[in-house]
Amino acid sequence: QDGTATLRLRVPAGGLFVAAQPPLTNSAMDRWAEDLAAGNGLRRIAVTKSVHGRPVTAYESELAGQRDSLVLISRQHPPEVTGGLAFQDFVARLFTDGDLARRFRDRFAIGLVPGVNPDGVARGHWRTNARGVDLNRDWGPFTQPETRGVAAWLAGLNERAPIALFLDFHSTNRDVFYMPHAGDDPAPSGFAAAWRARLRGRLGDGMPDWSGEHNPGLPTAKSWVRNEYGVVAITYEVGDNTPRDRIQRVARVAAEETMKLLLEYREAGR
């Protein structure tokens, strides 16, 4: 009645791994990323090493005539599997062969960090890295090698192809997008409201919740990128129990409307 439960387990010799979600391991994410890179000519960049020496890797599309970039990161919090799956589905739509995705890639570079916290994933941590630090509260303090490394990579990418939009994928108790807080309108101006309207038009009752008041004063990736680069930054949260087909549907629609809107804004010179 008080909302708690007790689980008793017999732990065999060598230990026992308990997961609330089907595991999305570092090796599985790495295989997915390497296949994506090989099939799409992405450049692999060794961003940094984690506290325990595991690689934190970024992938970039080759910079040709692009003038701006779309950046996506994932797995700051280890058990947030559905957010990692949404990241994969969103990215997959960016690299399809259709006209929209090809036009987008011709105009925008794409930067990806599939696994910001590999130690936490490997060790089964709830929210922290190997030093017990929540990496999504370390953007600004930068006390940890993982956040320092990703921030340095972002700075370099921004010099080569200025960041137009930043998405950070997570999981929580429901589907929700955490957007710029009320009254804030970073570049591209009006994007957040337009994106919301388009998603609602396509998803209807399946539209994720929307919040503009989530931790705006804390050192999260979303807040830091918005303040550092003056651009729209969104935390894309997926419910822990969201069905796989819904994760795919929302991610695909979100990717399509992101590409359409960014292309429209840039073609209009905004």
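Taking every protein chain into account, the accessible area of region 48-93 amounts to 30 square angstrom per residue (probe 1.4 Å). Estimated from helical segments only, the mean residue ellipticity of the chain at 222 nm is -12500 deg cm²/dmol, where each DSSP H run of four or more residues counts as -39500 (n - 2.57).
Looking only at the chain, where both bridge partners belong to it, what percent of the DSSP beta bridges are antiparallel (to the nearest 5)?
Antiparallel: roughly 35 percent of the beta bridges in the chain.
In degrees between 0 and 90, to the nearest 10, how far off the longest principal axis of the chain does helix 145-160 point, with axes built from Cα atoms? The answer is roughly 10 degrees. Amide H contacts of His214 (H built 1.01 Å from N, in plane; Pro and chain starts excluded): Met179 sit under 5 Å, all sequence-distant by 5 or more or on other chains. Volume of the convex hull of the chain (Cα atoms only), normalised per residue: 147 Å³.
In the context of the full set of protein chains, region 129-270 has a per residue accessible area of 40 Å² (1.4 Å probe).
Taking the DSSP beta bridges in region 128-270 as the whole, what percent of them are antiparallel, to the nearest 5? Write out the running numbers ahead of the final one.
Numbers: 4 of 16 bridges.
Beta bridges within region 128-270, antiparallel portion: roughly 25 percent.
Exposed loop sites are taken as GluC sites (Glu not before Pro) in a DSSP loop (any state but H, G, I, E or B) with at most 16 other beta carbon atoms within 10 Å; the longest stretch of the chain without one runs 63-212.
Of the trypsin sites (Lys or Arg not before Pro) in region 8-52, which ones lie in a loop per DSSP and count no more than 11 other C-beta atoms within 10 Å? Present the calculation step by step, with values, prior to reporting the outcome.
Working: sites: Arg8, Arg10, Arg31, Arg43, Arg44, Lys49; in loops: Arg8, Arg10.
Counting only loop positions with at most 11 other Cβ atoms within 10 Å, the trypsin sites (Lys or Arg not before Pro) in region 8-52 are Arg8, Arg10.
Roughly what % antiparallel, to the nearest 5, for the DSSP beta bridges in region 4-161? Write down the numbers at each step before the final one.
On the way: 9 of 15 bridges.
Once the DSSP bridges in region 4-161 are tallied, antiparallel ones form about 60 percent.
Every pair of different Cα atoms in region 1-115 enters the Kirkwood calculation, which places the hydrodynamic radius at 16.5 Å. Compared with the dominant Cα axis of the chain, that is its longest principal axis, helix 26-40 is turned about 20°. Cα centroids of region 156-204 and region 1-79: 22 Å apart. Across the chain, the relative contact order, built from alpha-carbon pairs under 8 Å that are at least six residues apart, equals 22 percent. Over the C-alpha trace of region 214-270, radius of gyration and Dmax come out as 14.5, 41 angstrom. With the simple spin-label model, which puts each label point 7 Å out from Cα in the Cβ direction, the Ile45 to Ala152 separation comes to 1.2 nm.
Near Thr48, the amide H atoms lying under 5 Å from its own belong to Val56; only residues 5 or more places off or on other chains count, and H is placed 1.01 Å from N. Classify region 111-270 as rounded, prolate or oblate, taking a ≥ b ≥ c as the square roots of the eigenvalues of its Cα gyration tensor: rounded when a/c is under 1.5, otherwise prolate if a/b is larger than b/c and oblate if not. Oblate.
Heavy-atom surface analysis with a 1.4 Å probe gives region 135-218 a carbon and sulfur content of 49 percent of its accessible area. How tilted is helix 81-94 with respect to the longest principal axis of the chain? Cα atoms for both, answer in degrees (0 to 90, nearest 10). Here the helix axis deviates by roughly 30 degrees.
The values are calculated or read from the model by the stated rules, or taken from the named source; none is laboratory data. This structure is a prediction, so every number in the text was calculated from the model and none was measured. As a convention, Cβ positions derive from the backbone with ideal geometry for all residues, glycine included, and neighbour counts pool all protein chains shown. For accessibility, only protein heavy atoms count, side chains too; no ligands or nucleic acids. Shrake-Rupley method; radii C 1.70, N 1.55, O 1.52, S 1.80 Å.
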